[in-house]
Amino acid sequence: MKLTAQIKLVTSAQEKSALEQTLRRANEACDYMSQQAWEKKLFKQFNVHTLCYHSVRRHFPDLSAQIVVRCIAKVADAYKVGKKVTRTFKPLGAISYDERILHWYTEKSLVSIWTVAGRMKIPFVCGERQRTLLETQSGQSDLVYRDGEFYLYACCEVEDPEPCDFDECLGVDLGIISVATDSDGTVYSGATMNGLRARHRRLRQKLQKKNTKSAKRLLKKRARKEHRFATNENHRISKQIVQEAKDTKRAIALEELTGIRSRTTVRKKDRATHHSWAFFELRSFIEYKAKRAGVTVIPVNPAYTSRTCPICGCVDKKNRPSQSVFHCISCGFKELADFVAALNIAIRGRAVVNQPNADAV
């Protein structure tokens with residue numbers, strides 16, 4: 001499994017200037033190559049390399065051969081997204097380094113990195129988890145400039161443990177009011193997160209209306225604060241869900257919610273909350289933590305999970321008299337709607353697990 005370790009570089013003024021200039025020159029080269037590729041309609045990495053390599057070396061003599069190679073890969077990757085417009089690059093956009101132009105000295109907390117001013121050994125700081133991950137570092141590392149600081153995002157290869165044996169599933173229903181609800185009845189409330197998002201939206205509106213220098217400074221200072229809080233909450237919730245499944249030797253059944261925003265409509269007042277729903281991030285956290293813990297994750301179809309009675313199987317819109325309540329019109333079963341959805345997800349997960357093996361017949 002590939003994981004990313006975020007490492008903060010502790011730079012002097014000279015080192016910071018050299019790294020900034022490196023980013024600017026590399027992205028200028030990317031813009032130059034992107035224009036050449038667009039004019040010739042050649043977008044594959046090999047074709048871009050053949051077309052641009054020698055001319056880039058002549059126009060940007062301060063860039064090393066390997067940086068040019070990495071810039072060619074960046075341009076080719078950008079055109080994989082789409083070929084309808086010319087791709088341009090931000091002056092301080094991230095660039096990739098490989099083992100030829102970057103070397104880690106983990107024990108000394110140093111990294112040797114190529115810049116336009118020559119090789120520099122720059123100290124770094126990180127947590128124990130990141131330091132452990134760096135022991136398995138392999139492949140590329142991205143140099144990122146964010147909020148006046150430089151970071152390296154290092155790709156690390158971690159061995160996957162053998163999946164544990166299981167017969168049952170822990171169903172997990174993802175939502176907005178409740179971030180997650182499992183089939184054991186544990187509810188991970190989204191009240192704190194939703195309240196914080198609403199407060200931040202109101203504050204941003206007030207500061208944007210003021211349009212003063214101090215308001216802009218405060219907006220910049222608070223940038224990404226909401227995202228950091230939501231990410232931390234998703235990490236905390238996913239960790240608890242995976243630990244519960246591991247302790248009880250169960251798989252995790254998750255809804256397949258890809259494209260849910262395009263399939264559903266909400267009222268105007270709820271649009272901001274709907275579009276800030278970080279279900280994909282929570283799901284990805286659950287999946288990679290489960291993989292590291294040897295827990296299997298089973299995707300299931302979410303259709304009608306909150307309208308289906310887990311007792312009698314009755315499916316009807318009237319089973320949901322309100323957002324939070326499930327009351328079966330057939331057998332009278334009554335429970336929290338999210339809990340009922342989690343039960344149905346667990347049932348569908350078990351059905352996938354217990355499918356007959358045609359090869360064994």
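The values are calculated or read from the model by the stated rules, or taken from the named source; none is laboratory data. Model, not experiment: these values are computed from the prediction. Here the Cβ positions follow ideal geometry from the backbone for every residue, glycine too, while neighbour counts run over all protein chains shown.
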Which numbered condition GLN130 fails, given (1) polar (S, T, N, Q); (2) in contact (Cβ under 8 Å) with a residue 60 or more places away in the chain; (3) over 24 Å from ARG228 (Cα atoms):
(3)
Can you name every residue in region 166-187 that is under 25 Å from the mean Cα position of the chain (by Cα), among the small types (Gly, Ala, Ser) and in a loop (DSSP other than H, G, I, E, B)?
GLY175
Number of the condition not met by LEU257 [criteria: (1) outside the structural domain of LYS289 (by TED's automatic domain parsing); (2) touching a strand residue (DSSP E or B) at 6+ places or on another chain (Cβ under 8 Å)]:
(1)
Across (1) surrounded by fewer than 16 Cβ atoms within 10 Å (Cβ to Cβ); (2) over 30 Å from SER189 (Cα atoms); (3) not charged (D, E, K, R), TRP114 clears everything bar (1)
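Please work out if ALA223 is under 18 Å from PHE339 (Cα atoms) and either modelled with pLDDT of 90 or more or not in a strand (DSSP E or B) (or both).
no
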Residues of region 131-146 being within 13 Å of SER109 (Cα to Cα) and charged (D, E, K, R), which ones?
ARG131, GLU135
Give me the residue from region 41-85 that is surrounded by 13 or more Cβ atoms within 10 Å (Cβ to Cβ) and polar (S, T, N, Q) and, out of that set, farthest from ALA154 (Cα to Cα).
ASN47
Name the residue that is nearest to ARG146 (Cα to Cα), counting only residues in region 223-257 that are among the polar types (S, T, N, Q) and touching a residue at least 40 places away in the same chain (Cβ under 8 Å).
THR231
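Quick one: is LEU110 in contact (Cβ under 8 Å) with a residue 12 or more places away in the chain and over 21 Å from the mean Cα position of the chain (by Cα)?
Judged against the criteria, LEU110 is a match.
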Can you tell me which residue within region 234-251, out of those that are within 14 Å of VAL187 (Cα to Cα) and among the polar types (S, T, N, Q), is modelled with the lowest pLDDT?
ASN234
Just wondering, is there one or more residues in region 97-105 that are in a helix (DSSP H, G or I) and either in the same structural domain as VAL10 (by TED's automatic domain parsing) or of a type outside the set (A, V, I, L, M, F, W, C) (or both)?
no
Checking TYR145 against (1) more than 30 Å from ALA65 (Cβ to Cβ); (2) outside any loop (DSSP other than H, G, I, E, B), which single condition isn't satisfied?
(1)
